[in-house]
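The values are calculated or read from the model by the stated rules, or taken from the named source; none is laboratory data. What you see is a predicted model; the values in this text were computed from it and never measured. Positions of Cβ are backbone-derived with ideal geometry, glycine not excepted, and every protein chain shown enters the neighbour counts.
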Amino acid sequence: MKFGVIIFPGSNCDHDAYWTIQQVARQSATFLWHESQDLENCDAIIVPGGFAYGDYLRTGAIAKFSPVMESVKKFAEGGGLVLGICNGFQILCESALLPGALMRNVGLKYVCKPVHVRVENDDTPFTQACRQGEVLSIPIGHMEGNYFCDDSTLAQLRREQRIVFRYATPAGEITPEANPNGSLDNIAGISSAGRNVLGMMPHPERASEAELGCVEGFKIFQSLVGSMATR
Amino acid sequence: MKAYVYVSLKKSVLDPQGKTIYGALNKMGFKGLEAVRQGKFFEITLDRDLTKPEAQAEVERIAREVLTNPVIEEYRFSFED
Amino acid sequence: MPAYAIAPELIQEHGLTPDEYEKIKRLLGGRGPTLTELGIFSVMWSEHCSYKSSRVHLQRLPTRSRRVVQGPGENAGIIDIGDGWACAFKIESHNHPSFVEPFQGAATGVGGILRDIFTMGARPVAIMDSLRFGPIQGKSPTELGSAGQPGAAVLTQAEVHKNHSLLEGVVSGIASYGNCFGVPNLGGETKFEPCYSNNPLVNAFALGLVRRDQIFYAKAAGEANPVIYVGSKTGRDGIHGATMASEEFSEASEGKRPNVQVGDPFLEKLLLEACLEAMQTGAVVGIQDMGAAGLTCSSCEMGARGHVGIEIELDRVPQRETAMTPYEIMLSESQERMLLVAQKGREQEVLRVFQKWGLDAVEVGRVTLDGKMRVLEHGKVVAEIPNQALTDDAPVYKRPVQRWEPPVPREMPENIGLAGAGDLTADLKRLLGSANICGKRWIWQQYDSMVQTNTVEGPGAGDAGVIRIKGSQRGLAMALDGNGRWCYLDPRLGAMHAVAEAARKVACSGATPVAATNCLNFGNPEKPNIMWQFSQVIDGMTKACEELEVPITGGNVSFYNETLGEGIYPTPVLGVVGILENVRKAGQMGFREPGRAIVLLRGGEPADITDVESEFGSSEYAKEILGSVWGYPPELELEKEAGLQKALVEIIAGGLVDSAHHCSEGGIAVALAESAFPTEVGAKVNLLSRGLPTVFVLFGEDASRAVLSCDLSNLLRIQQVAVKYCLSAEHIGETVPEKMEIQLDGRVVVSAGVGELLDVYEGALERALRTEPVAAAN
């Protein structure tokens, strides 16, 4: 399997995703420069975390205009697997590959801490190694993670089971206290209608090695590798 | 010619920054406040050769396609010669 | 060059003395300087750049060991950490700018220290910071008016409010810069004392990794090699920032806002990637960032280090504003700029890299062999100064030193009694909720502590920050420490404690402390008492660094931390770096599970009652609960301390313990509570009074101690290690579920639920910040 990790000016979790894919998941990985339209025959694309273009104007607002995103859009429309993490999720929403928007955290401050998310749908290429209702501990680190969409979009997301992760207590209850950023319906991650695009605020690459204290995020990468093998 | 573009969160969207400022102003004893909304302001200096209708169209497009996220934000703009 | 009549007032405005001006003329071969040259001398000879008051003392510090690759004098110190890796690290102050504009001041402080690291070719992998503010908890004037706390008398509710906003601004500034740049912040330390009310301290530490054979130096070489300017365009920001940092604060300083630079972390991130990539081409000869005194400092220092000259053509310097004068361009402190020297003929390779990252990179001059800094505007020379005149020949002062006694009683005041024998749970809670001891989660949760996926122990997890090194078994541990109040009471002993405690924190993570960096925050060096404090601090630091084998590889001196004649406590802050042979064995500070043995590992034995009474006056308990400060800091036997640290490393490497946590502010009672917090596993211990007062046994701050928890079966082996290093390892109790119980000679003196203590500890800071002082709005 070959993964492509996009580098925008200001990406800063690009190397982290690359490391996890190559050294932990033992898959091949390549960096894709934002100015290039060539996705180099990758089987899956990672839009990494960071501050693309400094997050100036709005998070993800400038990145969506870069040449590489045009190719990513086509790739996704053709069913290609795209995972947006944190800033990557914000970019995917701005690019309209996913609905809604990520607004400033309700607490107005950047929050970096481990949170718990409940797997709401295990029937996606990103969660097939998880169980429905399973609770994963994965860290977040963001200022704009407060997911928002209008009522009809939310209804649609629910109907189509596209809400993939929700912030929960360690026991798996969805409570306001478990919500770190004021996100609508405790949403931490959603997928596209075709299930091939996933955006999530928590950083699975930060919870993929025992040395770092947690491995539950690695299930996302495991799922991806597994799903590609059976594709 | 200069264009001034104002971008703010839609009325239907919660604006925690505006709310916080509102709370703080009240606490400081400022009177007669009903609400505060926070937004962004852009000052765009345009090429002299542009006609007013051309400028209007261009700024409209910049505001709609780049400066605003239609899911959460709205915009308005004005000109000054 | 046009002759320029320099009026005496102009010389004074530039912070130069008449003698210094005469020296300038001598160094220029008898002629007077042009205005541009005067500006250049004034910044280069400022305290900030020249270290003119501190240099004679700094020479005493130990700076060498077999690990030190680069000592003081470069952008950062470098040590060899094995496996072909080296690490560059340094701490630097940004106190004055942070007082004037907290957000930008702190942000650009982080930006500056990061550039110091990556100019050496090292990728920054961790930052930390040491912060000092005035009180944030509203108190009655009588509580504040206690003896020996400078600044106490002038503290008002409005000032408490100002301290809130300084803290909030500084923390968001650090967060905004570090998070965007993408370097994990491993925490640090934050303390509050009235003396910092109008003089907050913002000391930023950064550490980077570089292959041992790929280090870059800030040294120019090679005749006719091109000098390339990279990064942000030059504007009028921060002109005379370096001289501002070398003056006391007055009411007028708050009007200095336009002088403060604005940081662009996004641009700095691009600069990092581009510089590291450009270095890989092999076409870069030398590189230095433009920090204080901007283009001036970078060009003359690079020239001086390489014993060459540098010629700059100002017309080529990218400028953000129009009609800038040579004076302004040379002195601008616009952020995110670098100066580099490339190999002639290979400049295109370098320029291409910067172009790829969308950065301005322009050839602005060339290297000459005449050892001079020559500045041209429209083809005319506007400044021509020998580089040595600006660097090595800068004035060095042996300023007068006069012994000083803090205005506090040296013996315990008679109205204070330590005899109380009742329940001390309430006192423990007050301490846990006090600003200096309480949890700082509100601060560090705003920092990205995990980016780069190397963080093994982030803030709150252990005594030190610990990162792994990808591709190596080894890890690095780092910690900051400084106790201004102790240095105020005894500068020499206080400085020894700062070294010892920073190193002890590193040892508690299982790492061997190997090197240190210092940030020396003091008042006005022209006052003999302040200079005495400084000299004493250097002496103490020298002794402790020698004994604990942590040479100083660089750092920073910040003088003139005074407002309206009120100085801060002498506040040296130490950053100690240690090496963990196996990062998987890093020590944690939290108890793991109930039913484990708790051991107090200690160096010296407690002193007799007279010493106890005089030492207890320096403790947090005395300050917070007795409302008084007196006496001296605790005694410190460096030999015992060294033994303790070696023992900790050996015990942790041997896998003998679950947890290790150093004892400091708030004594053993607070150390036990802090060990209980990460997992909410409690403790039941019995301490022996040996005839000493209860409050001292619980809250006394004896040095060289650590609380361990372990499997009972390991106790004997721990005790064997302790004996080897002449320490005692006393089995004081067991871990238990959810409860904290401390007995003294078998009598319960503290009893509380861990959750209850944790609420106080975790919530205190946020509660203080949320409470609006009543008078603030007026």
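Here are the numbers:
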item	result
Residue list for region C:267-320, filter: in a helix (DSSP H, G or I), more than 19 Å from residue C:335 (Cβ to Cβ) and charged (D, E, K, R)	C:277, C:305, C:315, C:316
Neighbours by Cβ (under 9 Å, 6+ apart or cross-chain): first from region A:17-46, on the phi > 0 side of the Ramachandran plot; second buried (at least 18 other Cβ atoms within 10 Å of the Cβ)	A:26/A:225; A:40/A:4; A:40/A:32; A:41/A:4
Test: residue in region C:615-629 that is buried (at least 19 other Cβ atoms within 10 Å of the Cβ), away from every other protein chain (no Cβ under 14 Å) and in contact with a His (Cβ under 8 Å, 6 or more places away or on another chain)	no
Residues satisfying the stated conditions in region C:443-470, i.e. closer than 13 Å to residue C:510 by Cα, under 21 Å from the mean Cα position of the chain (by Cα) and either facing another protein chain (nearest Cβ under 7 Å) or part of a loop (DSSP other than H, G, I, E, B) (or both)	C:462, C:463, C:464
Residues satisfying the stated conditions in region C:491-512, i.e. within 26 Å of residue C:55 (Cα to Cα) and touching a helix residue (DSSP H, G or I) at 6+ places or on another chain (Cβ under 8 Å)	C:491, C:492, C:493, C:494, C:495, C:496, C:497, C:498, C:499, C:500, C:503
Any hit, region C:732-744, residues being closer than 30 Å to residue C:446 by Cα, surrounded by fewer than 16 Cβ atoms within 10 Å (Cβ to Cβ), without any contact (Cβ under 8 Å) to a residue 60 or more places away in the chain and out of contact with any Phe, Trp or Tyr (no Cβ under 8 Å at 6 or more places or on another chain)	yes
Flag for residue B:59 being of a type in the set (Val, Ile, Thr), away from chain A (no Cβ under 14 Å), within 26 Å of residue A:60 (Cα to Cα) and not in a strand (DSSP E or B)	yes
Residues of region A:196-213 satisfying the condition of being more than 10 Å from chain C (Cβ to nearest Cβ) and surrounded by fewer than 24 Cβ atoms within 10 Å (Cβ to Cβ)	A:196
Meets criteria (of a type in the set (D, E, K, R), closer than 30 Å to residue B:9 by Cα and within 13 Å of chain C (Cβ to nearest Cβ)) for residue A:55	yes
Sole residue being more than 30 Å from residue C:128 (Cβ to Cβ), surrounded by 23 or more Cβ atoms within 10 Å (Cβ to Cβ), in contact with a Leu (Cβ under 7 Å, 6 or more places away or on another chain) and in the same structural domain as residue C:42 (by TED's automatic domain parsing), chosen from C:389, C:383	C:389
In region A:61-89, the residues that are part of a loop (DSSP other than H, G, I, E, B), in contact (Cβ under 8 Å) with a residue 40 or more places away in the chain and within 14 Å of another protein chain (Cβ to nearest Cβ)	A:66, A:86
Complete set of residues in region B:18-33 that are within 13 Å of chain C (Cβ to nearest Cβ) and either assigned to a loop (DSSP other than H, G, I, E, B) or exposed (fewer than 11 other Cβ atoms within 10 Å of the Cβ) (or both)	B:28, B:29, B:30, B:31
Scope region C:641-661; condition surrounded by 22 or more Cβ atoms within 10 Å (Cβ to Cβ) and among the charged types (D, E, K, R); matching residues	C:641, C:658
Unique match (being modelled with pLDDT of 95 or more and under 19 Å from residue A:198 (Cβ atoms)) among A:160, A:177, A:173	A:160
Any hit, region C:429-439, residues being under 22 Å from residue C:133 (Cα atoms), in contact (Cβ under 8 Å) with a residue 40 or more places away in the chain and within 14 Å of chain A (Cβ to nearest Cβ)	yes
Enumeration of residues in region A:1-16 that are assigned to a strand (DSSP E or B), surrounded by 24 or more Cβ atoms within 10 Å (Cβ to Cβ) and not polar (S, T, N, Q)	A:3, A:4, A:5, A:6
Residue list for region A:125-145, restricted to those being among the β-branched types (Val, Ile, Thr), away from chain C (no Cβ under 14 Å) and crowded, with 24+ Cβ neighbours inside 10 Å	A:127
Filter result for residue B:42 (part of a strand (DSSP E or B), more than 10 Å from every other protein chain (Cβ to nearest Cβ) and surrounded by 14 or more Cβ atoms within 10 Å (Cβ to Cβ))	no
Members of region A:99-112 found to be at negative phi and either of a type outside the set (S, T, N, Q) or within 15 Å of the chain's Cα centre (by Cα) (or both), listed by number	A:99, A:101, A:102, A:103, A:104, A:106, A:107, A:109, A:110, A:111, A:112
Filter pass, residue B:75 being away from every other protein chain (no Cβ under 14 Å), within 16 Å of the chain's Cα centre (by Cα) and surrounded by 11 or more Cβ atoms within 10 Å (Cβ to Cβ)	no
Close pairs from region C:220-246: first under 25 Å from residue C:99 (Cβ atoms) and at pLDDT 90 or above, partner of a type in the set (Asp, Glu) and crowded, with 21+ Cβ neighbours inside 10 Å, Cβ under 7 Å, at least 6 apart	C:232/C:264; C:232/C:336
Selection count where residues are more than 15 Å from the chain's Cα centre (by Cα) and within 7 Å of another protein chain (Cβ to nearest Cβ), scope region A:16-29	1
Scan of region B:11-32 for residues that are at pLDDT 85 or above, more than 15 Å from residue A:106 (Cα to Cα) and not aromatic (Phe, Trp, Tyr), ordered by number	B:11, B:25, B:26, B:29, B:31, B:32
Residue within region C:28-51 that is within 30 Å of residue C:495 (Cβ to Cβ), in the same structural domain as residue C:288 (by TED's automatic domain parsing) and either exposed (fewer than 15 other Cβ atoms within 10 Å of the Cβ) or small (Gly, Ala, Ser) (or both) present	yes
